[in-house]
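Everything on this sheet refers to the single structure shown next.
Just so you know, all these numbers are worked out from the coordinates, no wet-lab data involved. Computed from a predicted model, the values in this text were never measured in an experiment. Don't worry about glycine lacking a Cβ; one is built from the backbone with ideal geometry, like all the others, and counts go over all protein chains shown.
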Amino acid sequence: MKYFAVLLLAGATALAVSFEGYGQMNVVSDSINYGEGLHKWGQGGFRMDGSNWNILLDVDRISSGQGAVIPRFNRNHLETHLEGRITFGGLTVNPEIQLDNDIDSADVVLPLSLGEGYRNSALRPGLSLAYLLPGVFEVSGTGRYWKKDVTALDSDIDDTEWTEMSYGGDVLWHTPIGGYLAVGGISHQTKLDGFDYDRTWSRVDISAGYKPMRFPAMTFIAAEAEYSLYTGEDYTGLALPDRFTARLRAGQNLARNVVFNITFSQAADFYEDETRFGPFQSAIRSLYKFSGWGNVRSSIMIGGQLTESAITTRLGELESRISLYGGLSALVTGKLWYGPSSVEGTGGYRTREIIGGGFEFRMRNGLNTFVVYEREASNLAPNDVWGKIRGGVGFYPAPF
């Protein structure tokens, strides 16, 4: 193995190939077992680059489990993702494959309330092709296939194969006046062997927009409108409506180190007999960067977000990194979240208040360590307050 690695590095040097690796490990501890949801306990991989190609390998350890108050489905698996990319002139070929190896079988819900079960493994190969003529047009196509080995519970059918196939493409034309027109589509099929479940839906998108238009005083505006025509049914068996979506984003550099932007999005759904307003989203964010006292750039981010449809969510947040000395920085976080809840006694909605702080240390060789303590309060019948410590160590990038 040692000699193979030496030969590989020698060959890479001769062919002007670069290697970069990264890794990360996180630890989370709660004062009470509410469950944190999704965890990436360990993550690592490498990237290899050539003159017109690259290979990327990611391996993640992902887990989540049942909470004492908020029920969640158990997941505990290794997620391996291998992706390659090679370019011939304007043509790019991008094959990929993802393999999930379940350490503990992951709980799943079968479509159309067919019951529950657990997944033993999953495989997802895929291929994307794209051709680019800079400043004129772009053509792309993607296909992916999912295969999940599932054991059903509370059913006469024990083992079943859950497969999904998705493919589609897009054509985008850059107009001479700076805007763009695009037409694309996607088709998706889901099959569940043994349950006589075979559903297909498809969508055609027609969109037009203007890439960021620059104005005086370091201001830009981007706008887009999209109409999507659907065929097929959703997971409940209802016909999918067509949807119109309009998006607007405005940003301004108040100074070289101060950025401010705001985003709006509104959708409308067209059913056979009525029209309904779809989700409305708005977000505002400002970022201030300054030197601080150490080697790492300091920053303060203040933002807010509102989403309204059948449900409403609101989020206000503050994130800051203050450089203290060398690679040492102080971290400060604060969040106020309001949204739907399935917990009894919260009236269908609940709030979360999070405030915390900690330290981060970055070395010049790419090593990064951090520890953060957070205090969270939530009206979880009755109101509860608990503490959480997050910590981790990682390196990225680290050239070989």
Unit charges on C-beta of K, R, D, E only; dipole of segment 232-294, Debye: 920 debye
Prolate/oblate/rounded label for segment 194-311 (Cα gyration tensor, a/c 1.5): prolate
Cα centre as origin, Lys/Arg/Asp/Glu Cβ charges: segment 191-346 dipole, Debye: 1460 debye
Spacing of the two label points (7 Å from each Cα toward its C-beta) at Val171 and Thr312, in nm: 4.5 nm
Footprinting exposure proxy for Lys289, Lys148 (fewest neighbouring C-beta atoms within 10 Å first): Lys289, Lys148
Distance from segment 281-352 to segment 156-223 (C-alpha centre basis), Å: 29 Å
